[in-house]
1. Can you list the lysines whose alpha carbon is less than 18 Å from that of LYS164, not counting same-chain residues fewer than 8 positions off?
2. Hey, how many Å between the Cα centroid of the range 293-347 and the Cα centroid of the range 35-79?
3. Using the Cα centre as the reference, give the magnitude of the dipole from point charges on the C-beta atoms of the range 223-299 (Lys, Arg: +1; Asp, Glu: -1; all else neutral), rounded to the nearest 20 debye.
4. With just the Cα atoms of the range 96-189, tell me how far they stretch along each of the three principal axes, in Å, largest first.
5. Please report Rg (one decimal) and Dmax (integer) in Å for the Cα set of the range 275-395.
6. Rounded to two decimals, what ratio of Rg to Rh does the range 46-101 give with C-alpha atoms and a Kirkwood Rh?
7. Take the residue pairs LYS46/LYS219; LYS46/LYS235; LYS44/LYS258 and return only those whose Cα atoms are more than 29 Å apart.
8. Hey, which aspartates and glutamates would be in cross-link range of LYS366, C-alpha to C-alpha under 18 Å, not counting anything within fewer than 8 residues on its own chain?
Amino acid sequence: MEEKFIGYECSVCGQEYSLNENIDYVCPKDGGNLNVLLDYKEIKNKYQISDIVSQTEISMWRYLPLLPVSDPGYEFTPFRNVGYTANYFPTNLSKKYGFKQLWVKDESKNPTASFKDRASALVLARAKEIKADVVVTASTGNAGAALAGMAASVGHKAVIFAPKTAPVAKVAQLLVFGAEVILVDGNYDQAFDLSLRAAEEFGWYCRNTGFNPFTAEGKKTAAFEIWESIIIGNKINDKPINIFVSVGDGNIISGIHKGFIDLYKLGWLDLMPRIFGVQAEGSAAISNAFIAGNEIINPVSASTIADSISVDLPRDGLRALRASTQTNGSYILVEDKEILSAIAELGVEGIFAEPAGATSFAGFKKAINLDLIQPDEPVVILNTGSGLKDINSAMKAVPEANIIDPTFDALISYINAKK
């Protein structure tokens with residue numbers, strides 16, 4: 001491992017830990033999630049921006065100089081194809097809402113069709129370094145599918161705990177990828193706790209969101225891509241970019257924040273983006289803290305159509321909250337009906353988002369109504385996963401297809417009825 005990775009810092013008490021202290025997960029004092037510490041001086045001495053943007057590898061691994069792992073190898077596998085996802089310019093939506101600098105970053109193009117591939121790939125790279133034979137996680141579907149798919153592509157064993165209510169399409173991915181799948185007759189939080197106990201008892205390496213500090217390190221690579229492709233690529237240096245992220249457990253938004261912190265501390269980023277967290281009204285634990293103006297994350301009884309962000313107690317809530325409070329961003333609440341509407345609107349642009357992925361777009365629309373953003377400001381909306389993950393919700397977002405008899409007369413009647 002390169003010397004750029006030097007230790008951890010607790011996000012709660014601020015205590016720093018060196019690598020010699022052999023801490024794998026959370027702060028031993030208070031259970032706070034750990035931030036990975038990088039040696040910014042060493043990185044800056046060794047690399048320049050040109051070393052990053054001149055990379056030929058088209059994946060998250062182009063950012064190895066800024067990641068806390070050595071090159072894991074695994075060339076010519078799906079593992080090596082994670083990240084560097086498309087930034088679409090949705091022409092119709094740009095005109096409709098009056099934003100001339102509007103992008104949708106589409107994470108459905110990852111190998112298992114969700115953002116979670118980034119974290120799983122990074123955690124597996126870490127597992128290889130520490131010689132961990134089995135990696136386990138709890139998931140409502142996407143994180144598990146990501147771990148199962150990435151593990152399958154590199155010959156690693158994965159164990160997935162998921163609520164039995166997880167969408168069938170997501171469970172199918174787990175099984176097809178050959179993971180050991182354990183469906184729990186309970187909610188995500190119960191699956192999470194059970195996976196922690198299993199990891200402790202059996203010595204498995206735990207990928208769980210937030211709990212493992214390397215998950216945020218994988219997810220921060222999306223921030224690097226926004227910086228390289230949109231901020232640098234479009235020479236946006238006169239105003240902060242606005243980024244909309246759907247939030248459940250909180251690890252995606254905290255990872256993106258960490259990525260921009262890294263760039264800022266390296267002196268490679270002039271203006272910190274404004275980061276907006278978007279939650280469903282039925283799963284609003286972090287938003288509630290934001291509205292209350294404190295850092296107390298109280299659990300809720302989550303219920304929303306967006307299963308990927310349906311969480312009672314966010315496991316990375318504090319850092320997720322700070323991602324907005326420390327960047328002059330905000331938290332925005334949207335109803336399930338607004339999420340369904342957002343699925344349909346993105347679909348007209350050829351972007352098929354699952355409910356959690358469309359939540360960020362619903363938040364963008366509400367931010368306009370709340371006067372939180374202006375049309376002359378640049379905006380990036382993150383679609384975190386493919387609509388194929390949850391077909392039942394997709395069908396609720398659109399009218400039913402028309403059915404006609406297999407005759408030309410029936411077709412004529414149908415066309416005339418539309419006039």
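1. Cross-link targets: LYS389.
2. When both Cα centres are located, 30 Å separates them.
3. In debye, rounded to 20, the range 223-299 gives about 160.
4. 51, 34, 23
5. 14.0, 40
6. 1.16
7. none
8. GLU281, GLU335, ASP336, GLU338, GLU345, ASP376, GLU377
Every number in this text was worked out from the coordinates using simple rules, so none of it is lab data. Treat the numbers as computed from the prediction; the structure is a model and nothing was measured. Virtual Cβ from ideal backbone geometry, glycine too; neighbours counted across all protein chains shown.
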